[in-house]
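A short write-up of the structure that comes next.
Please treat every number below as a calculation from the coordinates, not as lab data. These figures come from a predicted structure and were not determined experimentally. Cβ placement follows ideal geometry from the backbone for every residue including glycine, while neighbour counts extend to all protein chains displayed.
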Amino acid sequence: MMEPPPALRISGMAALVPRKTPFAFTSITRSQSSLVVSSTVGRPLIDWARTVQQYVESECGFHLIRGLGGHGYGRTLHGPPFISNVLPSRPGEWPDAMLPLKPGMLLAVEPMLAIGSSATTSDSRKWPVETADGSLAVHYEANILITKEGPCDLTEGMDELPDIVGG
């Protein structure tokens, strides 16, 4: 059996790649494209979560990992605001949810979807984070600049590059 690439390894062991896997990769990039619809100036961050959750879970049948999400860029790489991929399930879960998008905001949107359960395991909140049931998960990051004219995906086309660039 051919070993899958590192992104498809589970706990260091090669996994058989289910037929749904290519669809998962396509689904995550399409879910990031949903940001264009939900990221106009003045709209709240929660619109992103509503859009991506509807697409990934309801239309594609995958599960988003609650508690993992994107972030803003500022004076630090992982700065505020937190960008959830799911709607809050309890009050106070996502304090930045109603924060409006403003021109000049630079955001990393990072949906992580699982083929099986959305439950995860990790060693004291360190990487790697793994699905609790051992199912495959897919995670990509897109960097979006909010402008007066609309969102600009600074990473558009990156998914078309070969796995090794310049090698």
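The single residue among Thr76, Thr120 that is of a type in the set (Ser, Thr, Tyr) and exposed (fewer than 13 other Cβ atoms within 10 Å of the Cβ) turns out to be Thr76. Scanning region 56-70 for residues that are surrounded by fewer than 20 Cβ atoms within 10 Å (Cβ to Cβ) and either touching a residue at least 12 places away in the same chain (Cβ under 8 Å) or at positive phi (or both) yields Cys60, Gly61, Arg66, Gly67, Leu68. When Gly42 is tested against the conditions (1) in contact with a helix residue (DSSP H, G or I) (Cβ under 6 Å, 6 or more places away or on another chain); (2) part of a loop (DSSP other than H, G, I, E, B), the lone failure is (1).
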